[in-house]
Amino acid sequence: MQDRRQAPDRREAAEPPAPGGILWDIAGDVRALLALPAALTMQVAHPAVGAGVDTYSVFRTDPWGRGERSLRSLQTWVYGGQSAADEGRRLRALHKDIRGTDVHGRDYHALTPAYYAWVHATGFPVYRHAQKYLGRPFTEAQERQLYAEWLQVGRILGIRDRDMPQTLEEFWPYYAQILADELEETEVVRDLVATDRPVPPPDRGPYLLRVTLRALWPLLLPPLARFRRFITIGLMPPDARSAIGLPWTPAQERRLRRFGRVVRMVVPLLPERLRYLPLARRARAHRKITGSAEFVLKRRTD
């Protein structure tokens, strides 16, 4: 990693990735929903992050609300225009009181630069790996562009340049060191890949749909839990999967490749309203109408 004493600090100049870039295309695509669990699991495999989530998060009691808020926040970083920086500041304020002791007896604080930067860092290798299955693999130039855009997202989150590897040549040694020295199968990791943990039925969406899902939930949950485990482990980069100790077989790899082929064929054929998540869809529509490089959120809720 570059000499941190020399690294510029561009926290004040945080701007979201520009429309027309790689994140503008992939972050709001419905396929991103398949990749997010892998990134989240890599995050909580760090003992400090896992301890904070284990103690403070409501992911067990309100998984649907927690997931919706996380997804809306991520979308805002990319598509929120001037609201992106506001969202970054809101998240830092939300995390300022998250502190405690991890399972190894070490003190942690959610905003410790090394921990906060790792949470951000996981997005890049997961996007890169998932793209090999769900889309067309990135070229080297595209990988570099994606990483540069992901650095912009880090600045939105208030992470200083000196706390993030500034190039791919710096990123991969940093990433390998975290895998080797820090990651493990934490209790939160076990929860996220378990197939036998209770999960409440969805509590949002149209009333009739919620009632139907509640009635069918005992039948639907087991296969959904197995699929969640399959896609979480499968779309996680193999070196991270190995570092955490999550099993993956050749038969599962073949199934994932078959699944990926179907996704690659079907999703590009979907109309814009089905292919992109709501915030991304509105931002893209706004840009088409106005030609503006900026999209300002009309409304943001917690």
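See the values below:
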| read-out | value |
| --- | --- |
| Matching residues, the stretch 79-97, being modelled with pLDDT of 90 or more and either in a loop (DSSP other than H, G, I, E, B) or open to solvent by 30 Å² or more (accessible area, probe 1.4 Å) (or both) | GLY80, ASP86, ARG89, ARG90, ARG92, ALA93, LEU94, HIS95, LYS96, ASP97 |
| Matching entry among LEU209, LEU274, LEU269 (being within 27 Å of VAL78 (Cα to Cα), free of Cβ contacts under 8 Å to residues at least 40 places away in the same chain and open to solvent by 80 Å² or more (accessible area, probe 1.4 Å)) | LEU269 |
| Matching residues in the stretch 239-264 - criterion: being without any contact (Cβ under 8 Å) to a residue 12 or more places away in the chain and under 19 Å from the mean Cα position of the chain (by Cα) | ARG241 |
| Leading residue by the ranking (farthest from HIS129 (Cα to Cα)) among those in the stretch 147-201 that are open to solvent by 60 Å² or more (accessible area, probe 1.4 Å) and among the acidic types (Asp, Glu) | ASP196 |
| Test result for ARG257, under 30 Å from GLN177 (Cα atoms), surrounded by 12 or more Cβ atoms within 10 Å (Cβ to Cβ) and either at pLDDT 90 or above or hydroxyl-bearing (Ser, Thr, Tyr) (or both) | yes |
| TYR174 assigned to a helix (DSSP H, G or I), of a type in the set (Ser, Thr, Tyr) and over 17 Å from the mean Cα position of the chain (by Cα) | yes |
| Contacts under 9 angstrom Cβ, first residue in the stretch 62-86 being under 28 Å from VAL199 (Cα atoms) and touching a residue at least 40 places away in the same chain (Cβ under 8 Å), partner open to solvent by 40 Å² or more (accessible area, probe 1.4 Å) and among the aliphatic types (A, V, I, L, M), 6 or more apart | GLY65/VAL58; LEU71/LEU33; LEU71/LEU36; LEU74/LEU36 |
| Test: GLN75 is modelled with pLDDT of 95 or more and assigned to a helix (DSSP H, G or I) | no |
| Those residues of the stretch 278-302 which are at pLDDT 75 or above, under 24 Å from the mean Cα position of the chain (by Cα) and open to solvent by less than 80 Å² (accessible area, probe 1.4 Å), in sequence order | PRO278, LEU279, ALA280, ARG281, ALA283, ARG284, ALA285 |
| Check on ASP107, open to solvent by less than 20 Å² (accessible area, probe 1.4 Å), farther than 21 Å from GLN75 by Cβ and at pLDDT 95 or above | no |
| Residue within the stretch 72-93 that is under 20 Å from VAL53 (Cβ atoms), out of contact with any Gly (no Cβ under 8 Å at 6 or more places or on another chain) and of a type in the set (Lys, Arg) present | yes |
| Test result for GLN131, closer than 24 Å to VAL267 by Cα, in contact (Cβ under 8 Å) with a residue 40 or more places away in the chain, open to solvent by 70 Å² or more (accessible area, probe 1.4 Å) and in a helix (DSSP H, G or I) | no |
| Lone unmet requirement of (1) assigned to a helix (DSSP H, G or I); (2) among the β-branched types (Val, Ile, Thr); (3) modelled with pLDDT under 95 for THR61 | (1) |
| Count of the stretch 64-78 residues which are surrounded by 17 or more Cβ atoms within 10 Å (Cβ to Cβ) and either more than 15 Å from the chain's Cα centre (by Cα) or among the basic types (Lys, Arg) (or both) | 1 |
| Tally, over the stretch 134-166, of residues that are in a helix (DSSP H, G or I), farther than 23 Å from ARG257 by Cα and polar (S, T, N, Q) | 2 |
| ALA38 vs. criteria modelled with pLDDT of 85 or more, outside any loop (DSSP other than H, G, I, E, B), under 19 Å from ILE98 (Cβ atoms) and of a type in the set (A, V, I, L, M, F, W, C) | no |
| Condition check for TRP118: touching a His at 6+ places or on another chain (Cβ under 7 Å), surrounded by 15 or more Cβ atoms within 10 Å (Cβ to Cβ) and in a helix (DSSP H, G or I) | yes |
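The values are calculated or read from the model by the stated rules, or taken from the named source; none is laboratory data. Just so we're clear, the structure is a prediction, and the values are computed from it rather than from any experiment. Every residue, glycine among them, receives a Cβ derived from its backbone with ideal geometry; neighbour counts consider all protein chains shown. When the accessible area is computed, the model is the full protein with side chains, heavy atoms only, and any ligands, DNA or RNA have been set aside. Shrake-Rupley method; radii C 1.70, N 1.55, O 1.52, S 1.80 Å.
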